[in-house]
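Here's the structure, in structure tokens; my notes come after.
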Amino acid sequence: MSTPLVLIVGRPNVGKSTLFNRLTRSTTAIVDDVSGVTRDRIYGDVEWNGKYFRLIDTGGYVPNSEDLFETAIREQVEIAMDECDAILFVVDGRIGLTPADKEVAELLRKANKLNYLLVNKSDSPEFAVNAAEFYSFGLKNVFDVSALNGRNLGDLLDDMMEHLSFADDLEIDTRLRLAIIGKPNVGKSSMVNALLGYDRTIVTDIPGTTRDSIDSVLKYYGEEIVLVDTAGLRKKSKVKENIEFFSNVRTYKALWSCDVAILLLDSNLGIENQDQKIIDEAIRRRKGLIIAVNKWDLIEKETNTAKQYTDAIVRKMGSIDYIPIMFVSALTKQRIFKLIEAAKKVDGERKKKIATRELNDVLLPEIENTPPPASPTGKEVKIKYIQQVGDHYPIFQFFSNDPRNIPDHYKRFLEKMIRKNFGFEGVPFTLSFKEK
């Protein structure tokens, strides 16, 4: 099931980051008068009338260079058309239309993609007249808005909700959705091709999570597994920042829509900062996760090479020590189908339900032996009852006489205790504490 993806595009300093912050009700995007201040990926969730979509701010991804400016913004819009369900094209109503705005409008007019032209900085009705000249672009959905004070954004959202397709509107697909994710050039496409090209598989194409994206179906011993589309960009970008940004868009979009993610690492590079960001996002979204070290055939090996490599990854991840680590080669197909078996196992762990009686019989005696520390006032903190809830991933509820005074280090102890007794390898889960 998909959650719509909406991208904000436009030239620098027209108010894209302010719009992002207003819609997501956050201050994630940096707002400044200097163009190009946003350097990392910026995305968030937007809720409107009980429905959600994901929003990505492209602000700052146009390099601050006059000779590359038009190329960069054109490429952003072209790639956005492939990647998203709708585009919010922001222009500055105070300055008026510019040649760069005209070029973007031309692309949007020819594209078969839901789009909205937002004439920003229309802070009050008297500024609405500023939108008049932008009707010459020939775009259907024109709104004079103010990202700063929210003027007319409710009308925009009402209209957009009517035209987007949401998860609740779609037929539920019970097949395992598996995403091969990671930084550019780690071998994602080679891995997908190796999996789909195997003699035992039958490949068909099905509609993906957007109108332009295609997922693939791997038939593995009679079971259909959906490989979420994480293929390379369809257009060769001349601007490096566009390549990196939209590679990230693809990665996170695949991660959001999958059940289990396989994070592919380059064996020559190990785990890097961007990989850790992907792991953090997988955990935040409570997705099953496996780490696969690709290009293992290129590494000179001694007796304990794999163990030493594993230990180095675990040390870097700190308390995240429950993710299985495998060593593979897309080129030689070494252990690639063990990845499928591992993904099926993690998916099973993610769906596993522990009976309430078993949880309490096993965990409460251990909790009594190592109880939570007393509260700051000296009150004894007791955990009295435990149950597992959650339809999409495991949630463990702990009922206590004083849940607010259970410290984080004790919560980590409880998580380790659950994993020690019940497994859940590769599965992030939630601990919830309620008063009883």
>> Taking θ = phi - 60°, what integer Hz values does the Karplus form 6.51 cos²θ - 1.76 cosθ + 1.60 yield along the range 190-195, in sequence order, with x for Gly and Pro?
In response: 4, 5, 4, 5, 5, 5
> Of the accessible area of the range 276-432, with the probe set at 1.4 angstrom, what percent is carbon plus sulfur?
Replying inline: 49 percent
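Nearest 0.05, what FRET efficiency do LYS384 and GLU425 give at R0 = 25 Å with Cβ-Cβ as r? All intermediate terms of the calculation are to be shown ahead of the outcome.
On the way: r = 29 Å, r/R0 = 1.14.
After rounding to 0.05, the efficiency reads 0.30.
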> Tell me, what ³J(HN,Hα) does each residue in the range 315-331 have, in order and in whole Hz, if you take phi through Karplus 6.51 cos²θ - 1.76 cosθ + 1.60 with θ = phi - 60° and put x for Gly and Pro?
Replying inline: 4, 5, 7, x, 6, 7, 10, 10, 8, x, 10, 10, 10, 9, 9, 5, 5
> Which sequence of SER432, SER319 reflects their accessible areas, 1.4 Å probe, from the largest down?
Replying inline: SER319, SER432
> So which trypsin sites (Lys or Arg not before Pro) in the range 293-342 are both in a DSSP loop and have at most 16 other Cβ atoms within 10 Å of their Cβ?
Replying inline: LYS301, LYS333, ARG335
>> So if I take the centroid of the Cα atoms in the range 258-295 and the same for the range 361-432, what is the distance between those two points in Å?
In response: 27 Å
>> Tell me the per residue accessible area of the range 286-379 using a 1.4 Å probe; a whole number in Å² is fine.
In response: 55 Å²
> Rounded, prolate or oblate: which one fits the range 348-407, using the alpha carbon gyration tensor with axes a ≥ b ≥ c (rounded when a/c is under 1.5, else prolate when a/b beats b/c, else oblate)?
Replying inline: prolate
>> Amide H of SER400 versus every other amide H placed in the peptide plane: which residues, excluding those fewer than 5 positions away on the same chain, fall under 5 Å?
In response: LYS384, LYS434, GLU435, LYS436
> Can you list residues whose amide H is under 5 Å from VAL228's amide H, if they're 5+ apart or on another chain and H is modeled 1.01 Å from N?
Replying inline: LEU178, ALA179, ILE180
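The values are calculated or read from the model by the stated rules, or taken from the named source; none is laboratory data. Quick caveat, the model's predicted, so the values are computed rather than measured. Reconstructed Cβ throughout: ideal geometry from the backbone, glycine too, with neighbour counts over all protein chains shown. Please note that ligands, DNA and RNA were not included when accessible areas were found on the heavy atoms of the full protein model with its side chains. Shrake-Rupley method; radii C 1.70, N 1.55, O 1.52, S 1.80 Å.
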